[in-house]
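The values are calculated or read from the model by the stated rules, or taken from the named source; none is laboratory data. These numbers come from a predicted model, not from an experiment. All Cβ positions, glycine included, derive from the backbone under ideal geometry; neighbour counts span all protein chains shown.
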Ligand code: ACK
């Protein structure tokens, strides 16, 4: 029965249009360790014989309770996600050892987090540029919002910079594939700092209630990262201390970043409302950020 199942699943794979042969991928250099595996810069020889620079994410061992079918479903979601501000997914490589590599477009400037920490960040990435970056992410998120898709790990490390006027959202879909909800819960914030607690809303931490509104909470933390130029939210605090601070009855929030105006800080506080329904939607926020820009002109 197992081999029959495997056979049918593999059959489905072959029907997928986005399978890339390992032979057509040449890894150039390792560019980082992501949460889900190792990331490489690579060349991909396409069917048209073009040589494209791509990012290849070699996934670690997947969650045990995820079968091939689950992976397939997630890959289908990635395939169907097309937006100017979401990193383009080209396909998957199924390695001979059964592990997967995800092939996506390559961002020359790497992650927004890295850019914010760079030596000349404050001159190169002005408030206006950062506002435009954030607005582009609200566009990507309202696209996901309309498709009822949740990101779950919105943070500056998952925003990629293509040039000074273009960012794209990355790693969407991976959190579901590699970190099942039960495991999120089991590993629990008491034991590990790998969980992005400092970006998570109270209801996501306490009840694993991941929604567009919990993505909005994380977006507020992304804004905070931008206007502090890459500071670590709740630096020096343990996960338990963070939860204690943000949850009832304390409702503490991150302080106003030095580079944020009161108006921008008000937006962050709106994203961090305790009640998920009190937070803005991404569509509303896109409009707000657009209007701030207009006022500056
Ligand atoms: O912050 P970074 O320089 O940008 O280091 C991380 C690392 O890989 C692990 O996630 C970088 N990275 C991830 N995806 C891409 C991509 N599509 N293009 C360029 N760099 C990427 C990320």
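List the strands (runs of 3 or more DSSP E) inside segment 1-81, counting only whole elements, that have at least 2 residues being modelled with pLDDT of 75 or more, within 16 Å of the ligand (Cβ to nearest atom) and in contact with a helix residue (DSSP H, G or I) (Cβ under 9 Å, 6 or more places away or on another chain).
Correct list: 37-45, 51-59.
Number of residues in segment 160-176 that are modelled with pLDDT of 90 or more and not in a loop (DSSP other than H, G, I, E, B) equals 8. For residue 262, the conditions (1) in contact with a helix residue (DSSP H, G or I) (Cβ under 9 Å, 6 or more places away or on another chain); (2) within 24 Å of residue 230 (Cα to Cα) are fulfilled apart from (1).
Of the residues contained in segment 232-247, none is found to be in contact with a helix residue (DSSP H, G or I) (Cβ under 8 Å, 6 or more places away or on another chain), under 16 Å from residue 152 (Cα atoms) and surrounded by fewer than 18 Cβ atoms within 10 Å (Cβ to Cβ).
Can you run down the residue pairs with Cβ atoms below 6 Å, 6 or more apart or on separate chains, where the first is in segment 108-120 and within 13 Å of residue 31 (Cβ to Cβ) and the partner is within 8 Å of the ligand (Cβ to nearest atom)? Correct list of pairs: 111/157; 111/160. Of the residues making up segment 114-130, those that are buried (at least 18 other Cβ atoms within 10 Å of the Cβ) and within 18 Å of the chain's Cα centre (by Cα) number 3. Consider segment 131-149 and keep the residues that are more than 16 Å from the chain's Cα centre (by Cα) and buried (at least 16 other Cβ atoms within 10 Å of the Cβ). The one that is farthest from residue 165 (Cα to Cα) is 131.
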